[in-house]
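Notes for the one structure printed next.
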Amino acid sequence: MYILQERPFLSLYILDIVFIMAKEQERFVESLVNKTIPNFSDKKKDKLLKQLNVKPIMLKSESNSTFLKQKKKSKRKRLGKVIPSRPATIKNCKYKDFGSLRELWMGYIKELLPHNVGKNDEKVIQDLLLKADYHGANIKVVQAKCKDQEGIFGTVLTESKNIFQLITMDDKVVKIPKTNTIFEVQHPDLQITMFGDQFCLRPAHRLTKKFKNYIPAMHLV
Amino acid sequence: MGKNTRKNKHFQVQKKDVFQRLNFLFQAAHLALKNDPPQKELARHYAQTMKSLAQKNCLRLSPHVKRNLCKKCMMILMPGITSKVRPKSGKKHELVVHCTECNTTRTSYCYPDYVLWHDKPENIAEIITLS
């Protein structure tokens, strides 16, 4: 305002320049159109010129949502890995490494079962074996629906709802399903056979479940 | 595993086989970390079954056991292999334990004259050894 009062000529000069600039743009566009399209009717020319002289107003774009999504993704990566719900497959291990595990299991089972095993104690032993833990036991597959799986022998690494993971003498990790198979557990005094059909539970749930007298799967025997 | 701190005189151990199973799994998890290279997935699987077993039967684990396990992913914390232990910045008597698998931290106190409630001899009613 100070400039306008003291030097009115300057203000008019500035306003004039702005006005001239706007008009020059329009004149430039008109001359371009005349050069490229010489034979053009007046109506279509006016339409074209209107379209070309429009200056679009840029509204605020919706970049906030994409920015927030990227923030959430990076936060999840920073927080750590996702914890899997089922046990993962185990790699790069040998049969020799688990010798101490097998010794632990033998000591654990000797403590579980009563010392003097007689013929009348069958039910007691069966109840105890249903609640026992089989991580680290030697297991052999006697019968299975798939004939390639018969005769596999190894130690149990993990146990989940449907699958046993064994490691064989050749350092291979094998997954064997529990349904439609018969297992045999090694024990110095007893011979233990397990029907895998009735065992399809998580090891935690096996403790609290009560087993009735089931008839074993006849189509395998 | 869990100490019996109740005040009833005629207290019998009802779930003996479950305690034996928890004990076995805890030792097996430590053995899995002893190999070269240490197997972390196995150790985590054993500790997870241990926690779910104790939950199903309404048993409590002693705090000395719980301090070695990560709260989120149930991994056995051994400083150097699976965890980092650092003092907390700005405070005097606090430690921060950071699990490298699931990226969670946990703070604990380490005052010089502090004894846990479970360790005080006045609060222990009976010690039973399972043979």
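Quick note: the coordinates plus some simple rules give every number you see, no bench work behind them. Everything numeric here is computed off the predicted structure, so don't read it as measured data. Positions of Cβ are backbone-derived with ideal geometry, glycine not excepted, and every protein chain shown enters the neighbour counts.
Cross-link partners for A:Lys35 among the aspartates and glutamates, with Cα-Cα distance under 15 Å and sequence neighbours closer than 8 places in the same chain left out: A:Glu26. Footprinting exposure proxy ranking of A:Leu104, B:Leu22, fewest other C-beta atoms within 10 angstrom first, gives A:Leu104, B:Leu22.
Using a simple charge model, +1 on the beta-carbon of Lys and Arg, -1 on the beta-carbon of Asp and Glu, nothing else, what dipole does chain B show about its Cα centre, in debye to the nearest 20?
Details: 24 positive and 9 negative charges, 80 e Å.
Charge dipole, chain B, about its Cα centre: 380 debye, nearest 20.
Note: relative contact order over chain B, using C-alpha pairs below 8 Å and six or more positions apart, is 22 percent. The charge dipole of the range B:72-124, taken about its Cα centre with unit charges on the Cβ atoms of Lys, Arg (+1), Asp and Glu (-1) only, comes to about 300 debye. Residues considered: B:Lys91, B:Lys51, B:Lys40. Largest GNM mean-square fluctuation over chain B, using C-alpha springs under 10 Å, is found at B:Lys91.
Tell me, B:Phe24, A:Phe67 in order of fewest to most beta-carbon neighbours within 10 Å?
On the way: B:Phe24 23, A:Phe67 9.
In increasing order of surrounding Cβ atoms, one gets A:Phe67, B:Phe24.
Between the listed residues A:Asn162, A:Gln186, A:Ile152, the Cα displaced farthest toward the positive end of the dipole of the range A:146-200, a dipole computed from Cβ unit charges relative to the Cα centre, is found at A:Asn162. Partner lysines whose Cα lies under 21 Å from the Cα of B:Lys72, excluding those fewer than 8 positions away in the same chain, are identified as A:Lys72, A:Lys73, A:Lys75, A:Lys77, A:Lys81, B:Lys40, B:Lys51, B:Lys56, B:Lys84, B:Lys88.
Counting only other chains, what is the mean number of Cβ atoms within 10 angstrom of the Cβ of each residue in peptide B:14-22? Numbers along the way, then the final one.
Values: counts 0, 2, 2, 8, 2, 0, 6, 8, 1.
The shielding value for this peptide is 3.
Karplus-based coupling profile of the range A:88-101, in residue order and whole Hz: 7, 6, 9, 10, 6, 9, 10, 5, 5, 5, 9, x, 5, 5, with θ = phi - 60° in 6.51 cos²θ - 1.76 cosθ + 1.60 and x standing for Gly or Pro.
The HN-Hα couplings worked out from phi for the range B:24-40 by the Karplus form 6.51 cos²θ - 1.76 cosθ + 1.60 (θ = phi - 60°) are 5, 5, 5, 5, 5, 5, 5, 5, 5, 7, 8, 6, 10, x, x, 9, 7 Hz, whole numbers, x standing for Gly and Pro.
A Gaussian network model of chain B, with springs between Cα atoms under 10 Å, assigns the largest mean-square fluctuation among B:Cys102, B:Cys73, B:Cys110 to B:Cys110. For the peptide A:146-158, the mean number of other protein chain Cβ atoms found within 10 angstrom of a residue's Cβ is 1.
For the residues A:Ile125, B:Ile76, B:Ile128, A:Ile57, what sequence is obtained by ranking on other C-beta atoms within 10 Å, fewest first? Write down the numbers at each step before the final one.
Numbers: A:Ile125 16, B:Ile76 21, B:Ile128 11, A:Ile57 5.
So the ranking, lowest neighbour count to highest, is A:Ile57, B:Ile128, A:Ile125, B:Ile76.
Take peptide A:98-104, look around each residue's Cβ out to 10 angstrom, count Cβ atoms belonging to other protein chains, and average those counts.
On the way: counts 6, 0, 6, 6, 0, 1, 4.
Rounded to a whole number, the mean comes out at 3.
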